[in-house]
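Everything on this sheet refers to the single structure shown next.
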């Protein structure tokens, strides 16, 4: 009976973790899909629909941003290296620190440095893919999304899964709302719903939507990572998942 009870408790604890992992993967796929087609789709929605755009284009009814997506996929290796660099550096500082405050003070610049190194590698990949494909690199959208995905990975690797899922979901929901609100604004008496998106895109272009959504979520995750990944318990060999 005791073994069965422990198994039931373990299975019960595992279900939320599985749901979080599934949600994280789903939001990541949405964000990558938006990076590929979202700007063109939003432009079509604001113009009145895909039928208002020129037909016969090789990319279909709206252009696809292949260069940034290829760069983001290619950045998986730098992201893994960044996670390894953070973990190895934190372990060295944990062994040599004189106390918890000393460890925290040493790991914070390490976290920022690892993030900066990754963004530098991603920027180089964006420039390379843009040159090879003769396509726009979409730096603001891709860099903010890359920062968000990196921080989500760093937190997940160190057993903090809930915050990445929430941040990725919030960014995806913001992008989905940017597509839905202009459509809802065409309903009688609902024109005001489209005003926020019209104003944002009119001032900064379609790229402002994913840059704002992913940038805000990335800043929230960076703040969370600065509180959690600078603790010694986050880098212990074992620990309870969040």
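Under a plain spin-label model, where a point goes 7 Å from the Cα along Cα-to-Cβ, how far apart in nm are residue 184 and residue 26?
1.9 nm
Ranked from highest to lowest mean number of other Cβ atoms within 10 Å per residue, what is the order of the peptides 25-34, 164-173?
Values: 25-34: 17.9, 164-173: 21.4.
In descending order of packing, they fall as 164-173, 25-34.
For the range 63-100 and the range 156-188, what is the centre-to-centre distance using only Cα atoms, to the nearest Å?
Taking the Cα centre of each part, the range 63-100 and the range 156-188 sit 24 Å apart.
Quote the FRET efficiency, to the nearest 0.05, computed for residue 102 versus residue 124 with a Förster distance R0 of 41 Å and r equal to the Cβ-Cβ distance. Show your work: numbers first, answer last.
On the way: r = 34 Å, r/R0 = 0.84.
Approximately 0.75, to the nearest 0.05.
Cβ neighbours within 10 Å, averaged per peptide: list 103-113, 37-47 in order, most packed at the top.
On the way: 103-113: 16.3, 37-47: 20.3.
Packing proxy ranking, top to bottom: 37-47, 103-113.
Could you calculate the contour length gain from residue 135 to residue 176, that is, 0.36 nm times the residue separation minus the distance between their Cα atoms, to one decimal place in nm? Mind dumping the intermediate values first?
Values: separation 41, 0.36 × 41 = 14.76 nm, distance 2.47 nm.
In short, 12.3 nm is gained.
What is the calculated FRET efficiency for residue 204 to residue 95, with r their C-beta to C-beta distance and R₀ = 51 Å, to the nearest 0.05? Write out the running numbers ahead of the final one.
Numbers: r = 47 Å, r/R0 = 0.92.
For R0 = 51 Å, the calculated efficiency reads 0.65.
Taken together, the values in this text are just the output of simple stated rules run on the coordinates, not laboratory data. All figures in this text were calculated on a predicted structure; none of them were measured in a lab. We place every Cβ from the backbone using ideal geometry, glycine too, and count neighbours over all the protein chains shown.
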